[in-house]
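The values are calculated or read from the model by the stated rules, or taken from the named source; none is laboratory data. For clarity, every value in this text was computed on a predicted model and none was experimentally measured. Because the Cβ atoms are built from the backbone with ideal geometry, glycine has one as well, and the counts that use them run over all protein chains shown. Surface areas here come from the heavy atoms of the whole protein model, side chains and all, with no ligands, DNA or RNA. Shrake-Rupley method; radii C 1.70, N 1.55, O 1.52, S 1.80 Å.
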Amino acid sequence: MAAVSGTSDLNPNPNPLPEDHRDEPSHADVPTQNPSLPKLLHLSFNQDDSCFAAGTDHGFRIYSCDPFVEKFRQYFNGNAGGIGIVEMLFQSNIFALVGGGDRPHCPPSKIMIWDNQLSRFIGELGFRSELRAVRLRRENIIVVCHQKVIVYDFANLKLVKEIMTLPNPKGLCEVSQQQGSLVLVCPSAQKGQLRVDHFGSSRRSRFIAAHDSSIACLALSLDGKLVATASSKGTLVRVFSTADGSLLQELRRGADRAEIYSLAFSAKREWLAVSSDKGTVHVFRLKVNPGSTESEAPPSSTEPNASAFHSFPSLLKGVLPKYFHSEWSLAQFRLPEGSHYKVAFGHRKNTIVILGMNGSFYRCEFDPVAGGEMKQLECHYFLKTEENH
């Protein structure tokens with residue numbers, strides 16, 4: 001059970017971030033190693049992908065994605081300043097922080113609610129073990145433990161629901177962000193099975209047999225209507241309806257195994273982006289009508305010729321159907337291998353934003369018709385020495 005304290009100052013309708021007060025970071029090449037730079041412990045986009053947060057071994061920083069600019073940084077003095085999780089609440093002054101790194105600023109088993117306008121902590125939730133992830137909505141705080149997901153009311157930190165899962169070291173859990181009823185997705189207590197919980201007036205749970213192997217990554221559309229999953233094999237991404245659990249689309253990243261780092265829907269559910277340890281970011285066209293969750297019939301022009309499949313001998317039809325019926329990406333962008341990358345769609349049309357745990361920021365543009373190699377628009381290095389704080 002969580003221990004709660006300092007909750008009287010919590011406000012579910014916080015103030016927006018202050019105006020920018022820094023010059024735009026310089027356009028520097030990303031260094032491979034620099035011992036004078038802070039150690040990056042965490043990266044995450046906010047709920048509408050307009051900003052991102054970086055947790056370091058000496059505090060945390062907030063950046064705007066478009067234009068790319070540092071909004072502010074909070075530096076924790078002393079030897080213990082590590083922040084392993086930073087979760088924003090849109091562009092408000094409220095943040096959920098969890099300690100991390102070799103010298104955490106606060107226990108890795110505790111969520112600290114930081115009010116940047118007051119420059120102090122205003123609440124906390126304590127647990128018995130290290131936390132894996134935190135998700136925020138205007139109405140809720142969602143805490144991901146090793147084998148449990150816990151939902152709280154944001155206004156009073158009252159317990160709403162506890163959900164048991166398989167061991168979840170990656171903290172896999174996503175929540176819808178449109179105002180109204182909450183949709184929550186996470187691994188269930190069975191391997192390869194996804195759990196979908198609908199809150200509000202239509203309280204119900206649904207279980208989807210997503211993969212034969214363990215779920216390794218997932219994403220939820222903003223409205224909570226679509227969920228994408230990838231398994232530990234990393235070759236296929238599947239898109240399901242959260243309403244009825246039906247499989248709407250199967251997307252093929254590649255033929256060889258890979259670790260999927262992130263999945264992201266575009267705001268209008270037209271596109272899905274995928275990043276992996278192969279160093280390539282893929283953008284797929286979704287065949288789901290934005291007004292419904294029904295799969296559309298026309299095939300993507302970038303997938304292998306489906307008609308050629310029918311000329312194969314019947315033996316091959318039984319061996320290769322999944323490979324030829326899954327769809328390939330429309331556009332790709334190749335990154336240096338060896339770093340962990342997160343991806344989101346930009347607010348400019350047909351653009352994506354890529355964040356690297358090496359401190360890199362990329363903005364790329366893809367052609368929605370021709371596809372192919374994406375065009376790099378920007379590349380920045382967003383970490384600065386702590387002496388500049």
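Odds and ends about this structure:
- Residue in the stretch 270-278 that is over 25 Å from N168 (Cβ atoms), open to solvent by less than 70 Å² (accessible area, probe 1.4 Å) and at pLDDT 95 or above present: yes
- Residues of the stretch 48-76 satisfying the condition of being basic (K, R) and open to solvent by less than 10 Å² (accessible area, probe 1.4 Å): R61
- Residues in the stretch 198-220 that are open to solvent by 40 Å² or more (accessible area, probe 1.4 Å) and either in contact with a Phe, Trp or Tyr (Cβ under 8 Å, 6 or more places away or on another chain) or basic (K, R) (or both): R203, R204, R206.
- Hey, D153 acidic (D, E) and open to solvent by less than 10 Å² (accessible area, probe 1.4 Å) or not: no
- Some residue of the stretch 200-220 being in contact with a strand residue (DSSP E or B) (Cβ under 6 Å, 6 or more places away or on another chain), modelled with pLDDT under 95 and assigned to a strand (DSSP E or B): yes
- Test result for S300, surrounded by 12 or more Cβ atoms within 10 Å (Cβ to Cβ), among the polar types (S, T, N, Q) and modelled with pLDDT under 50: yes
Rundown of residues vs (1) in contact with an Asp or Glu (Cβ under 8 Å, 6 or more places away or on another chain); (2) free of Cβ contacts under 8 Å to residues at least 40 places away in the same chain, yes/no style:
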{"site": "M164", "(1), (2)": "no, yes"}
{"site": "P169", "(1), (2)": "no, yes"}
{"site": "V185", "(1), (2)": "yes, no"}
{"site": "G192", "(1), (2)": "yes, yes"}
{"site": "C217", "(1), (2)": "no, no"}
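- Residues that are touching a Ser or Thr at 6+ places or on another chain (Cβ under 7 Å), farther than 22 Å from Q332 by Cβ and crowded, with 21+ Cβ neighbours inside 10 Å, drawn from the stretch 227-258: V227, F240
- Filtering S231, S266, S275 for residues that are small (G, A, S), farther than 27 Å from F361 by Cβ and touching a residue at least 24 places away in the same chain (Cβ under 8 Å) leaves a single hit, S231.
- Conditions (1) within 17 Å of L218 (Cα to Cα); (2) in a loop (DSSP other than H, G, I, E, B); (3) open to solvent by less than 60 Å² (accessible area, probe 1.4 Å): number failed by H146: (3)
- Some residue of the stretch 354-366 being within 20 Å of the chain's Cα centre (by Cα), β-branched (V, I, T) and modelled with pLDDT of 95 or more: yes
- Set side by side, the residues R138, R195 differ, and just one is open to solvent by 60 Å² or more (accessible area, probe 1.4 Å) and not hydroxyl-bearing (S, T, Y), which is R138.
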